[in-house]
């Protein structure tokens, strides 16, 4: 059985409940539904026992009400340096990467495709570097790599996969949906899964070309929903700085990027040059930080082990190897960083019209409008009858 198209309150409720449960803490200011009371149970054998190097954690759950229905839930930011670091890796990176792992002399090709091919376009789909690296590490590392769990689910008849997450986890869940929709090569079977995505309070996951692609594969078909509060600040970030180089061609402004044109309107030239300089100044800092962070990640790879799945190796069973084999892959990702900070939201929007204001009990609670307890209040008020 496959998911039906369209927004469904009960599905959104389940997504919210699961997204809160993975934090292992009660919601505020009101409790959110208990996944167990909704018929969901954690599938331990498909869920990792610990997080990745960027402190990303996910879980696989199964529904008793719909026996073929599973959920992949991605945890949002937690108060650790590694988790916050993933949020701060601002540069965009090409959304379509062909990666290769060399494991014991065997080369494994990984089509890491999060958008359609745009060969020849001056601007191509780009995704948030931190969220992209988070997804890559989730797919390939920990004791139960997400890629292996997805492959097992794809072999079960009639599997429905609910993809969800909150905050950082919502952004990563959006990218995961793109990976599944564009799956090819040894992962082609993943594209046959019936996937429906509800994400809550995501930061912007990529640029406008990525958002357009996501709309085509999930949003317009009624299978990719983004639930966001009108008073929350997380869906408004990362900061978006658009310069002339972010525009499609041909256009009358792209040539203004970084140079004055004597035959052009000096007011337009000054405006375009100012935008380009502001974007470049911020970008240089972001690129330097990205390089330092990838170097730290590479240093940490020696502490983990990889066990490639047979479906990735043509049926060959390879012994576990040091995570350092991922170092060249991280270098490849970094080499495809875009000189752009032009972010855009993605997914079909489900707006929660929130009441302005902060936490009446704690004026320093800067995440008041971000809490899933508040999301639950507004979701029931505004969509409970849908």
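The values are calculated or read from the model by the stated rules, or taken from the named source; none is laboratory data. In this text, all values refer to a predicted model and were calculated from it rather than measured experimentally. Neighbour counts run over all protein chains shown; Cβ positions are idealised from the backbone, glycine included.
Of all residues in segment 43-54 being surrounded by fewer than 24 Cβ atoms within 10 Å (Cβ to Cβ) and in contact (Cβ under 8 Å) with a residue 40 or more places away in the chain, which is nearest to residue 302 (Cα to Cα)?
The initial filter retains those residues of segment 43-54 that are surrounded by fewer than 24 Cβ atoms within 10 Å (Cβ to Cβ), namely 43-51, 53.
Still in the running and in contact (Cβ under 8 Å) with a residue 40 or more places away in the chain: 45-51, 53.
Values: 45: 25, 46: 24, 47: 22, 48: 19, 49: 19, 50: 16, 51: 16, 53: 11 Å.
So the residue we want is 53.
Considered as a group, the residues in segment 322-349 that are in a strand (DSSP E or B) and touching a residue at least 60 places away in the same chain (Cβ under 8 Å) include one that is surrounded by the most Cβ atoms within 10 Å (Cβ to Cβ), and that residue is 341. With respect to (1) part of a helix (DSSP H, G or I); (2) closer than 20 Å to residue 138 by Cβ, the lone exception for residue 374 is condition (2).
Within segment 9-42, the residues that satisfy the criterion of being in a loop (DSSP other than H, G, I, E, B), more than 24 Å from residue 131 (Cβ to Cβ) and without any contact (Cβ under 8 Å) to a residue 60 or more places away in the chain are 26, 34, 39.
Here's the yes/no breakdown for (1) under 30 Å from residue 340 (Cβ atoms); (2) surrounded by fewer than 18 Cβ atoms within 10 Å (Cβ to Cβ); (3) more than 17 Å from the chain's Cα centre (by Cα):
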{"site": "32", "(1), (2), (3)": "no, no, yes"}
{"site": "36", "(1), (2), (3)": "no, yes, yes"}
{"site": "56", "(1), (2), (3)": "yes, no, no"}
{"site": "65", "(1), (2), (3)": "no, yes, yes"}
{"site": "72", "(1), (2), (3)": "yes, no, no"}
{"site": "81", "(1), (2), (3)": "yes, yes, yes"}
{"site": "94", "(1), (2), (3)": "yes, no, no"}
{"site": "97", "(1), (2), (3)": "yes, no, no"}
{"site": "102", "(1), (2), (3)": "no, yes, yes"}
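Before we move on, is residue 352 buried (at least 20 other Cβ atoms within 10 Å of the Cβ) and more than 24 Å from residue 146 (Cβ to Cβ)? Please lay out each step first, then the result.
Numbers: buried (at least 20 other Cβ atoms within 10 Å of the Cβ): yes; more than 24 Å from residue 146 (Cβ to Cβ): yes.
Judged against the criteria, residue 352 is a match.
Filtering 190, 139, 133 for residues that are buried (at least 23 other Cβ atoms within 10 Å of the Cβ) and either within 25 Å of residue 107 (Cβ to Cβ) or touching a helix residue (DSSP H, G or I) at 6+ places or on another chain (Cβ under 7 Å) (or both) leaves a single hit, 133.
Out of segment 145-164, which residues are without any contact (Cβ under 8 Å) to a residue 40 or more places away in the chain and either under 14 Å from residue 180 (Cβ atoms) or part of a helix (DSSP H, G or I) (or both)?
Let us first name the residues in segment 145-164 that are without any contact (Cβ under 8 Å) to a residue 40 or more places away in the chain, namely 154-155.
Result: 154, single match.
Looking at this structure, is residue 286 in a helix (DSSP H, G or I), within 30 Å of residue 124 (Cα to Cα) and without any contact (Cβ under 8 Å) to a residue 40 or more places away in the chain? Here the answer is no, as residue 286 does not meet what is asked. Of the set (1) surrounded by fewer than 18 Cβ atoms within 10 Å (Cβ to Cβ); (2) modelled with pLDDT of 95 or more; (3) farther than 29 Å from residue 248 by Cβ, all apply to residue 361 but (2).
Residues in segment 231-245 that are part of a helix (DSSP H, G or I), buried (at least 20 other Cβ atoms within 10 Å of the Cβ) and either within 17 Å of the chain's Cα centre (by Cα) or at pLDDT 90 or above (or both): 234, 235. When you scan segment 101-110, do you find a residue that is in a loop (DSSP other than H, G, I, E, B) and under 24 Å from residue 309 (Cα atoms), even just one? The answer is yes; a qualifying residue exists. Taking residue 120, is it without any contact (Cβ under 8 Å) to a residue 40 or more places away in the chain and within 24 Å of residue 337 (Cβ to Cβ)? Judged against the criteria, residue 120 is a match.
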